[in-house]
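**Student:** Mind having a look at this structure? Questions to follow.
The values are calculated or read from the model by the stated rules, or taken from the named source; none is laboratory data. Predicted model only: the values in this text are computed from it and were never measured. Cβ coordinates were reconstructed from backbone atoms using ideal geometry, including for glycine residues, and neighbour counts include every protein chain displayed. Remember, those area values only see protein heavy atoms, side chains included, never the ligands or the DNA or RNA. Shrake-Rupley method; radii C 1.70, N 1.55, O 1.52, S 1.80 Å.
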Amino acid sequence: NAGVMQNPRHLVRRRGQEARLRCSPMKGHSHVYWYRQLPEEGLKFMVYLQKENIIDESGMPKERFSAEFPKEGPSILRIQQVVRGDSAAYFCASSPLLLDEQYFGPGTRLTVT
Amino acid sequence: KNEVEQSPQNLTAQEGEFITINCSYSVGISALHWLQQHPGGGIVSLFMLSSGKKKHGRLIATINIQEKHSSLHITASHPRDSAVYICAVPNYGQNFVFGPGTRLSVLP
């Protein structure tokens, strides 16, 4: 059973470009969480999704950020018109049930130049 | 919002020492999550516990729901235990809020 997969592992974007981060949860997990970790800071919740539904996006900036978890395929975190302040590690985690033990992906390290 | 505190913030130990990391939170919860973040950045789930004590190898986690406090103990610490240890608690039932982490360095 493969773990949580994220790609790409490293992503470099110039200011103003779009970044797309992908997360494939563990098999059998329908709950996906996205977290952001700024350099030298702790993990911060961004968004919680179940298949085809956004359940809680209270941690996600209102502009430029969006997330989806379609019926087929990975969950995607999309950042439009990236700025330098978006440079961070973005982690995805999945769980079989709400607020159950979470399994983390390796993260995507986004660098905006 | 559930506020989570951890102590100590940083901890340096000699190999073989017994280590305790503490986590306290402000709002009652159903379960608490301990995570380990490796120096390379990867995050591993250590424990999810809702009462009492859990043990896995040299790691022991305890929780006191009434006192809103949990501890993570490492027995016979080893340099490979060097990492950031993070506790996380549910925040109004929909997501997790994380503590600031405890950075542990175990010296040989």
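**Student:** Per residue, how many Å² of accessible area does the range B:6-99 show with a 1.4 Å probe? Walk me through the intermediate numbers first.
**Tutor:** Values: 4180 Å² over 94 residues.
Accessible area per residue: 44 Å².
**Student:** Apply the Karplus curve 6.51 cos²θ - 1.76 cosθ + 1.60, θ = phi - 60°, to the phi angles in the range A:47-62 and return the couplings in whole Hz, x for Gly and Pro.
**Tutor:** Couplings: 8, 10, 10, 10, 3, 6, 10, 8, 8, 8, 10, 5, x, 9, x, 5 Hz.
**Student:** HN-Hα J couplings of the range A:34-42 from phi, Karplus 6.51/-1.76/1.60, θ = phi - 60°, integer Hz, Gly and Pro as x?
**Tutor:** 10, 10, 10, 10, 6, x, 6, 10, x
**Student:** A follow-up question, please. In nm, to one decimal, how far is the modelled label at residue A:68 from the one at residue A:83, with both set 7 Å along Cα→Cβ?
**Tutor:** Computed distance between label sites residue A:68 and residue A:83 equals 2.5 nm.
**Student:** Still on this model: Which residues in the range B:68-108 have a backbone N closer than 17 Å to a point placed 7 Å from the Cα of residue B:17 along the Cα-to-Cβ line?
**Tutor:** B:72-85, B:102-108
**Student:** Which whole-number value in Å³ per residue fits the convex hull of the alpha carbons of the range A:62-113?
**Tutor:** 117
**Student:** Just the number please: accessible area per residue for the range A:4-112, 1.4 Å probe, all protein chains included, in Å².
**Tutor:** Values: 5470 Å² over 109 residues.
Per residue, the range A:4-112 has 50 Å² of solvent-accessible surface.
**Student:** With a 1.4 Å probe and all protein chains kept in place, how much accessible area does residue B:97 have, in Å² rounded to the nearest 10?
**Tutor:** 20
**Student:** Kirkwood-based Rg over Rh for the protein assembly as shown (C-alpha set), two decimals?
**Tutor:** Radius of gyration over Kirkwood radius for the protein assembly as shown works out to 0.97.
**Student:** I would also like to ask the following. Just read off the accessible area of residue A:57 with the full protein assembly in place, 1.4 Å probe, to the nearest 10 Å².
**Tutor:** Spelled out: residue A:57, probe radius 1.4 Å, area about 90 Å².
**Student:** Label chain B by shape, choosing from rounded, prolate and oblate, from the square roots a ≥ b ≥ c of the eigenvalues of the Cα gyration tensor; if a/c is under 1.5 it is rounded, and otherwise prolate applies when a/b is larger than b/c, oblate when it is not.
**Tutor:** prolate
**Student:** If you don't mind, there's one more thing I want to ask. At the nearest 100 Å², what buried accessible area, both sides summed, do you get for A and B when the probe is 1.4 Å?
**Tutor:** For chain A against chain B, roughly 1500 Å² becomes buried.
**Student:** For the protein assembly as shown, what % of the accessible area comes from carbon and sulfur atoms, probe 1.4 Å? List each step's numbers first, then the result.
**Tutor:** Values: 5260 of 10820 Å².
About 49 percent, which is the carbon plus sulfur part of the accessible surface.
**Student:** Determine the residues within the range B:66-108 where the difference in accessible area between the chain on its own and the full set of protein chains amounts to at least 20 Å²; count protein heavy atoms only and use a 1.4 Å probe.
**Tutor:** B:93, B:94, B:95, B:96, B:98
**Student:** For the range B:1-60, compute Rg over Rh where Rg is the Cα radius of gyration and Rh is the Kirkwood radius from the inverse mean 1/r over Cα pairs.
**Tutor:** With Rh from the inverse mean 1/r over Cα pairs, Rg/Rh is 0.96.
**Student:** Shifting gears a bit: What residues does the range A:95-113 have that are buried by at least 40 Å² of accessible area in the full protein assembly compared to the chain on its own, 1.4 angstrom probe?
**Tutor:** A:99, A:101, A:102, A:104
**Student:** Taking 50 Å² as the minimum loss, tell me which residues in the range B:4-52 lose that much accessible area going from the chain by itself to the full protein complex (1.4 Å probe).
**Tutor:** Buried by the other chains: B:43, B:48.
**Student:** Show the residues, 5+ positions off or on another chain, whose built amide H is closer than 5 Å to the amide H of residue B:105.
**Tutor:** It is B:11, B:12, B:13, by chain and number.
**Student:** Across 10 Å bins from the origin, how do the percents of Cα pairs in chain A run, short distances first?
**Tutor:** 16, 51, 29, 5
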